[in-house]
Structure formats: structure tokens, C-alpha cells
Amino acid sequence: MKQNKQLYSELIKQEAKRLGFLSCGISKAGFLKEEAPKLERWLQEGRHGTMSWMERHFDKRLDPTILVPGAKSVVSLLLNYFPSETQNNADAPRISKYAYGKDYHYVIKDKLKALLHFVQTEIGAVQGRVFVDSAPVMDKVWAAKSGLGWQGKNTNLISTKTGSYFFIAELILDLELTYDTPATDHCGTCTACIDACPTQALTPYQIDASKCISYLTIELKDEIPETFRGKMENWAFGCDICQEVCPWNRFSKPHTEPDFEPASDWLQWTKSEWEEITEVVFTKIFKESAVKRTKYKGLKRNLTFLKP
Ligand code: B12
Ligand code: SF4
Ligand code: SF4
């Protein structure tokens, strides 16, 4: 039986690699005892801002066996999105790297389904579900448990081999597998992300999401509070600062996923081209991109807020 667990785990990891995932690690499904008080405090202190969906399904978020009855294993997967080319007009409003190409939810879901299909055809009658931000699962926590990296002082999952420019997804299976050991913390005495965050959203290992530019430009539906005027560092969608300054991202290598290439030449747009963007152009260019999450109105709000 033990041999089977090991063999199945290796088969899953090999297939994940073949499908283009950066890495794959496995943990025993169960209640996240250590995370429960931390998540509760985060919510009580209102650090989720207006993201009231983070309050829902508290029990399921902390225990995949409630979310997927019979769950035995969480298979965590990373997909690289680090681009080879970035925006090349220094004064153009900035779009975060994760949103350059096709919306990752679609790209990853296809790969996850292929991996689940592989498990069901090669291993047997395994029940499971695929997750990529589609349900209350603590992606970073599971990936860290599975040895794929540690949650840094900027709260992102970081790997010594590949930095942090990757997405995280899971397969939750009712199959027992061999479990990996958690990775260790390599932040050391570094505080680069905390020092660089323009809105002071970070304290070591914790974020006040309500102050994060990513939240302000993507999740917040109301007007951006005046206290943030002049602090946005030209970000119009998301923010990459705490990853750009992280020394471990010197090890990021460009992705090889064709779907993550920008759908047009917008990396070359000038400041005025962004300011003149019409709804027709927005809809056409960002039809399949995560940028459409703000809708045209949201992007215009963000662009207007950046004006002195
Ligand atoms: C809500 C959310 C946000 C919020 C809040 C961010 C956050 N850190 O939680 C906002 C909108 C701000 C956001 C922004 C971004 N996000 Co986001 N987001 C999520 C989401 C949906 C849930 C995360 C969550 O559960 N947060 C709850 C809080 C409590 O978790 P936490 O901040 O990690 O807190 C932990 C630590 O603080 C720790 N802790 C608490 N107290 C203490 C004390 C000590 C001493 C220690 C050691 C630890 C500790 O315990 C907490 C619980 O584990 C996940 C997807 C998912 N389903 O998991 C994506 C996710 C985290 N986001 C992602 C990305 C890419 C981003 C951005 C980079 C996008 C961008 N460029 O704009 C930024 C990064 C900002 C940042 N520094 O975190 C990726 C991260 C990939 C990675 N490598 O880690 C995820 C996993 C999506 C995905 N599936 O790939 N996001
Ligand atoms: S994404 Fe930007 S605003 Fe948010 S914590 Fe990181 S540096 Fe700060
Ligand atoms: S910038 Fe430094 S402190 Fe912040 S996450 Fe990276 S290594 Fe850790």
C-alpha cells in the first residue's frame, strides 16, 4: 500500500510537470488549526476591507474535508506567469504582471481538469475536485505545507528556486498519497518589501488588504479613499512592488505559456494612449484578461485617480 502511495504521488507529480506546472507538492487534507485564529483575527480587524466574501464559509476555508467530503489529500500546483517582456513606457500606468495574458482561472482550470482526468484514468476510481480561486481554499497555506515555498514577509508564497511570480491551484482528492514536508522561511533579516510598500499595507508576514494597491485598484468598488492620493506609484491594475523588490525574484525565469502573452501591443502604449482608452477598445483588448475584473468603469476610476 505504501509503495502504491509513493508511486501514485510520483505519477501525479510527473504528469503535473508534463502539463506545464512549475511544481507540485502534496499534503494531508485536514483542519488548519494554526491558521484558524490568524484568519479570524484578520477578519475581525477588518483587514479584508470590503471583500465580504472572505467572511463566508469560514469552516470550509479552514478544512478541505468539509469542502470536499472524503478528502484525503491536497495536491498543490504552481504555474509560472513571469513575463519576458514588460511595459516599456516609464510613465505609462502600470498593470501587474499576473494580468498580462489570458485570465489565469481559465488557463489553470483546463490543466487541472487534465490532471484530474489523468488520476482517474491511470490510478482508478478517485473522486476529486479542482480549485483555482473558485472556492474558499487557502492556496498559500496548502502550498507551503506541501513544501513548495514559504509565506514571506510580503505574505506571498516564495520559492528559493523560482521566486514568487506564480499562481497556486489545487486538486483535492479522496486518495491517500505520500506527503511532502513544509519548506523553511528564507526571509531572514530582509525587510525590502515592507520598506518599499507605498501604502504601508505590510507588517512582517501580515497584510492589511484594505490598504493594498491591488485591493484598491481591483477589489474596491467605491471611490479610492483620498488618503491614498499620490501613493499609488502609477499602478492602474494590481501592484507588483513587494515582489519586484524581493531578492528571491532574481531567480524568476520567463514562463512558456502562450496563453499568458498579452493579446495585443498594449505593453507599448504610452501614458496618453491609456488615458484615451475607450470602452470599445477596453472590451476588445482585455476580453479574456483578468484586467476585465475592474470593468471599464473601474479602470477609468483608477486612471483618473493617478492624475496629479
Ligand atoms: C484575498 C486575496 C488577496 C487580497 C489580500 C492578500 C492576502 N495576502 O491575503 C488582495 C486583494 C490584497 C490580494 C493581492 C494580491 N494577490 Co491575492 N489572493 C487573495 C486570495 C483570494 C485569498 C488569500 C487569503 O486567504 N487571505 C487571507 C489572509 C489572512 O491570508 P494571508 O495574508 O496570507 O495571511 C497569513 C499570514 O498573515 C499569516 N500570519 C498571520 N499572523 C501572523 C503572524 C506571524 C508572526 C506569522 C509568521 C504569520 C502570520 O497567517 C495568515 C493566514 O494564513 C488568494 C487565493 C486563495 N484562494 O488563496 C489570492 C492570492 C493570494 N493572490 C495572489 C496574487 C498573485 C496577488 C497579487 C500579487 C496580485 C497583484 N499583483 O496585484 C497581490 C499581492 C499582494 C500581497 N502582498 O499579498 C496569488 C498569490 C501567489 C503567491 N505566489 O503567493 C493567490 C494565491 C491567487 C492564486 N491562486 O494564485 N490578494
Ligand atoms: S502589492 Fe503593493 S500595495 Fe500591496 S502590499 Fe505589495 S507593495 Fe504594498
Ligand atoms: S522582500 Fe525580503 S522580507 Fe520581503 S518577502 Fe522577499 S525576502 Fe522576505
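Is there a residue in the range 137-154 that is touching a residue at least 60 places away in the same chain (Cβ under 8 Å) and within 16 Å of ligand 2 (Cβ to nearest atom)? Yes, because at least one residue in the range 137-154 is touching a residue at least 60 places away in the same chain (Cβ under 8 Å) and within 16 Å of ligand 2 (Cβ to nearest atom).
If you go through the range 158-172 and keep only what is more than 16 Å from ligand 2 (Cβ to nearest atom), crowded, with 21+ Cβ neighbours inside 10 Å and hydroxyl-bearing (S, T, Y), you end up with just S159.
Residues in the range 28-82 that are of a type in the set (K, R) and either touching a residue at least 60 places away in the same chain (Cβ under 8 Å) or touching a Gly at 6+ places or on another chain (Cβ under 6 Å) (or both): K28, R47, R56, K60, R61, K72. Taking the listed residues L77, L22, L11, the one that is among the hydrophobic types (A, V, I, L, M, F, W, C), surrounded by fewer than 21 Cβ atoms within 10 Å (Cβ to Cβ) and under 24 Å from L112 (Cβ atoms) is L11, with no other qualifying.
Residues that are touching a Phe, Trp or Tyr at 6+ places or on another chain (Cβ under 6 Å) and not acidic (D, E), at least 1 per element: which helices (runs of 4 or more DSSP H) completely within the range 208-308 meet that?
279-285, 295-306
Residues that are more than 14 Å from F167 (Cβ to Cβ), of a type outside the set (K, R) and surrounded by fewer than 16 Cβ atoms within 10 Å (Cβ to Cβ) do not occur anywhere in the range 97-110.
Scanning the range 88-137 for residues that are in a helix (DSSP H, G or I), β-branched (V, I, T) and more than 14 Å from the chain's Cα centre (by Cα) gives V119, T121. Checked against (1) within 23 Å of V107 (Cβ to Cβ); (2) surrounded by 12 or more Cβ atoms within 10 Å (Cβ to Cβ), D265 meets all criteria but (2). With respect to I224, is the statement that it is touching a helix residue (DSSP H, G or I) at 6+ places or on another chain (Cβ under 6 Å) and more than 13 Å from ligand 1 (Cβ to nearest atom) true? Yes.
Pick out, from the range 1-78, the helices (runs of 4 or more DSSP H) lying fully within it that include 3 or more residues that are charged (D, E, K, R).
Per the criteria, 2-18, 35-44, 58-62.
Read the figures in this text as sums done on the coordinates, not as results from a lab. Remember, it's a predicted structure, so these values are computed and weren't measured experimentally. For neighbour counting, all protein chains shown are included, and Cβ atoms are generated from backbone atoms with ideal geometry for every residue, glycine included.
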